[in-house]
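One structure below.
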Amino acid sequence: MPEQLDSGRRRFFGTAAMTIAAAQLVLNGPAEGQPGKTKAGDLPKIRRGEHTSFASLKHIDAGVLNVGYAEAGPSGGPVVILLHGWPYDIYSYVDVAPLLASAGYRVIVPYLRGYGTTHFISTGTLRSGQPSALAVDVIALMDALQIEKATVAGFDWGARTADIVAVLWPERCKALVSVSGYLIGNQQSGKTPLSPKAELQWWFGLAGGEPKYDDLEKRLAEAPVITVPTITLEGDANGAPHPDPIAYATKFSGKYVHRMIEGGIGHNLPQEAPQAFAEAVLEVAEG
């Protein structure tokens, strides 16, 4: 009799353990892959618009900002930082983030200064949108999150910011994905007028920046070469002003690939072609 009871108890607890494990799998979803084990072509296939939200948004003080950001993937995985553009926001990456997380990457998607839940800590801080300031924000966020090095990817303002991070802090940037390529400009070159037709495409002027960024802006004015491994992307239907890939190819001295994404893909490439964008990030991050 005791043997029968013991056998029954073993079956009960074994069944209970399997039930709990199955419940955990349902709640947590499939385990993330291991970085280096998943190739770009092996990522799960995703339809544009398959996801509409992030699991949660976080906040952290970083430099002059309190940054609102989404995070996906294992906390110990290699880091990818995804930077949005204007007038977009973090939801441009709502389909990209889970793909990279499934490959074992820790994905950070911050609202840039002036967007979403990110706000200035002090009311006395100048509300500047100059290029170097946004790049400094990214480094401050990495410091706050104790991230030593990351693959950085972006489009529009986010691509320009990613380019600048790669140029000014190559030791913090493992690799780069930049939609529309080399977008580093400077105010000095901006003083040379374009053709009237071209000038009509731009709405911003030559407002002065913060003096504390002057040294960084001077370095950017030299149009420095990007040395980290890079993939640049362009949509075949991008109607926004963008440089010809041939014009900036020599601005990348490391391992470099340019890719045209076809299928009527416009300016907001990660949202319009999340599979292609995620594959590019994974490819360049894996080297």
- Query: For a paramagnetic label modelled at 7 Å from the Cα of residue 240 toward its Cβ, which residues of segment 49-70 fall within the zone defined by backbone nitrogen distances under 12 Å?
  - Reply: none
- Query: Using alpha carbon centroids, what distance separates segment 102-151 and segment 214-287, in Å?
  - Reply: 20 Å
- Item | Gained length - residue 258 relative to residue 218, 0.36 nm times residue gap less alpha-carbon distance | 11.6 nm
- Plugging the Kirkwood radius over Cα pairs into Stokes-Einstein for segment 33-286, at a temperature of 25 °C and a viscosity of 0.890 mPa s, what D comes out in µm²/s? 134 µm²/s
- Query: Using the per-residue mean of other Cβ atoms lying within 10 Å as a proxy for protection, in what order, highest first, do the peptides 52-63, 93-104, 215-226 fall?
  - Reply: 93-104, 215-226, 52-63
- Query: Distance in nm between label sites at residue 91 and residue 171, each 7 Å beyond Cα in the beta-carbon direction?
  - Reply: 4.0 nm
- Task: Report, ordered by chain and residue number, the aspartates and glutamates lying within cross-link reach of residue 58, taken as a straight Cα distance under 13 Å and ignoring same-chain residues fewer than 8 apart.
- Result: 71
- Cut-off under 5 Å, modelled amide H: who pairs with residue 255 long-range: 230
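Where a number appears in this text, it was derived from the coordinates with a stated rule and is not lab data. These figures come from a predicted structure and were not determined experimentally. Note that each Cβ is placed from the backbone with ideal geometry, even for glycine, and that neighbours are counted across all protein chains shown.
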